[in-house]
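Worksheet: the structure to be examined is printed underneath.
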Amino acid sequence: MAEEPTTRHEKVHSESRGRLRVVRRRADSLSHPETPRLSVEIGALDLELGGRLETVTVAYRTWGSLNAAADNAVLVLHALTGDSLAAGPGGWWDPLIGAGRALDTNNAFVICANILGGCQGSTGPASDDPLTGRPYGMRFPLITIGDIVSAQRALVERLGVRKLVAIGGSIGGFQALEWATRHPELVRGVVPVAASGALDAQGIALNEIGRRAIMADPDWRGGSYASEGVFPATGLAIARMVGMVTYHSKESMNMRFGRNPATRPALYPSFGPTFDVEGYIHYHGEALTKRFDANSFLYLTRAMDLYDVGRDGGESAWLRRIEVPVSLVGIRSDWLFPAGPIRDLRDRLRALGKDVEYQELDSPHGHDAFLKEWGQLTAAIGPFVSARIAGDP
């Protein structure tokens, strides 16, 4: 699935604001006109592992208004296959964003950007390489969480933001930590949700299964499927099926599915009776193929694997750079990012004299609880974000 066009295939108009060029999509082409998607061209980006992207576009949405001091921004950081539609109809965090909600748009300027390497408007493997005019595919350079945040920094600076609170779950939690350790001068506080300082070996192994499923699909074509007019839907669907299992817990799987017989048609009726949980993962596997790019899945899971808050000099050296309050949020039943390692990160920050708190969602829903437990999330993040926006220490 190629990134959504904003050039010759779509009527657009642009506004020049100094060095900022904002591309506005026509309202009649929007799925959610209440939250139009914008795009900023941030120019070239030098990458952490070497290489350079000569032209980078970042797609984003905003809610609320930036105040005169430009210090009331909240940067919401999406998960692996998410996008910038955090609020409004269809928004993945809509119950938390809006007037009077945890991220109160009466006081805060909320921003959510599609990440570098994604496929919902920001530059990624499905984007056209300006040197060839064809999709990058596997010619896209390896990117890191640091590169993703560097692109976000370019965006918020062009929007005029001087201070922000960074908040996100899963890979978005990694980005929040990256903001705190690598860009502390722009940050007022961070809220990493369902994320520790690095993915463990089991998580890396499961990501590799997903990548191998994609690469083993005959239609992957070495990553050049877009140029050849095919798509590795089977491989991407299997990768998503693996992911869906990691987002649940045993508790939630048993509560929701147990050993209940299938309620959806079986893929292989002659292979015996099937179970409801099989239909569930098949459905979600197929659904992802209709909205996400397979090469983006490869690049973003690799960036997730590579992230380590303590890289290049050791954890303590980087954690010492944190100058703002940190609110860590774990989930009781999460086994992709267990609560224990997140509490350990809290303890290491405290030992360094940092202002850190830890809260835990008491949920059976595993990793997915950060997309479901609206009441607990409101209680966990609302007061912290409100205090930072108000300028409290």
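Bear in mind that the values in this text are calculations on the coordinates, not laboratory data. None of these values were measured; they are calculated from a predicted model. Backbone-built Cβ (ideal geometry, glycine too); neighbour counts: all protein chains shown.
Please give the calculated 222 nm ellipticity per residue for the chain, where each DSSP H segment of at least 4 residues contributes -39500 (n - 2.57) and the sum is spread over every residue; nearest 500 deg cm²/dmol? Working shown, then result.
On the way: 11 runs with 129 residues, N = 393.
After summing the helix terms and dividing by the residues of the chain, the value is -10000 deg cm²/dmol.
Subtracting the Cα-Cα distance from 0.36 nm times the residue separation, let me have the gained length for Val242 to Tyr283 in nm, one decimal. Walk me through the numbers before you get to the answer.
Working: separation 41, 0.36 × 41 = 14.76 nm, distance 1.25 nm.
Here the segment from Val242 to Tyr283 would lengthen by 13.5 nm.
Once you keep just the Cα pairs under 8 angstrom separated by 6 or more residues, what percentage relative contact order results for the chain?
Numbers: 826 pairs, mean separation 66.7, N = 393.
Relative contact order, the chain: 17 percent.
Note the listed values [x] 65, 49, 43; [y] 70, 69, 41; [z] 62, 45, 42, then indicate which one is Cα extents along the principal axes in Å calculated from this particular structure.
Computing Cα extents along the principal axes in Å and matching it to [x] 65, 49, 43; [y] 70, 69, 41; [z] 62, 45, 42 gives [x].
Quick check on packing: order 114-126, 47-59 by the mean number of other C-beta atoms within 10 Å, highest mean leading. Let's see the in-between values first.
Numbers: 114-126: 27.5, 47-59: 17.1.
Top of the packing list down: 114-126, 47-59.
Only Cα pairs within less than 10 Å get springs; with that Gaussian network setup on the chain, which residue of Ala86, Ala317, Ala233 has the largest fluctuation?
Ranking Ala86, Ala317, Ala233 by mean-square fluctuation puts Ala317 first.
Would you mind working out the magnitude of the charge dipole of the chain relative to its Cα centre, with +1 at each Lys and Arg C-beta and -1 at each Asp and Glu C-beta, to the nearest 20 Debye? Kindly include the intermediate steps, with their values, before the conclusion.
Numbers: 42 positive and 45 negative charges, 102 e Å.
In total the dipole reaches around 500 debye.
Would you work out the relative contact order for the range 174-306, in percent, from Cα pairs under 8 angstrom that are 6 or more residues apart? Working shown, then result.
Details: 128 pairs, mean separation 31.6, N = 133.
For the range 174-306, the relative contact order is 24 percent.
Quick one: how many lysine pairs in the chain have C-alpha atoms under 25 angstrom apart, if they're 8 or more apart or on different chains? List each step's numbers first, then the result.
On the way: Lys11/Lys290; Lys163/Lys354; Lys250/Lys372; Lys290/Lys372.
Lysine pairs, 8 or more places apart or on different chains, close enough: 4.
Taking only Cα atoms and a 10 Å spring cutoff, compute GNM fluctuations for the chain and point out the largest among Gly168, Gly272, Gly64.
Gly272
What dipole magnitude, in Debye to the nearest 20, does the range 202-304 give about its Cα centre under +1 on Lys/Arg Cβ and -1 on Asp/Glu Cβ? Intermediate values should be presented prior to the final figure.
Values: 11 positive and 9 negative charges, 39 e Å.
So the dipole magnitude of the range 202-304 works out to roughly 180 debye.
Can you list the HN-Hα couplings for the range 42-55, worked out from phi with the Karplus curve (6.51, -1.76, 1.60; θ = phi - 60°), rounded to whole Hz and with x for Gly and Pro?
Calculated HN-Hα couplings, in order: 9, x, 7, 9, 7, 9, 4, 9, x, x, 7, 9, 6, 9 Hz.
Of Ala262, Leu199, Leu186, which is farthest on the positive side of the dipole of the range 169-293, counting Cα position, with +1 on Lys and Arg Cβ, -1 on Asp and Glu Cβ, and the Cα centre as origin?
Ala262
Normalising by the residue count of the range 234-362, find the relative contact order in percent from Cα pairs under 8 Å and 6+ residues apart.
Numbers: 128 pairs, mean separation 29.3, N = 129.
Averaging sequence separation for qualifying contacts and normalising by length gives 23 percent for the range 234-362.
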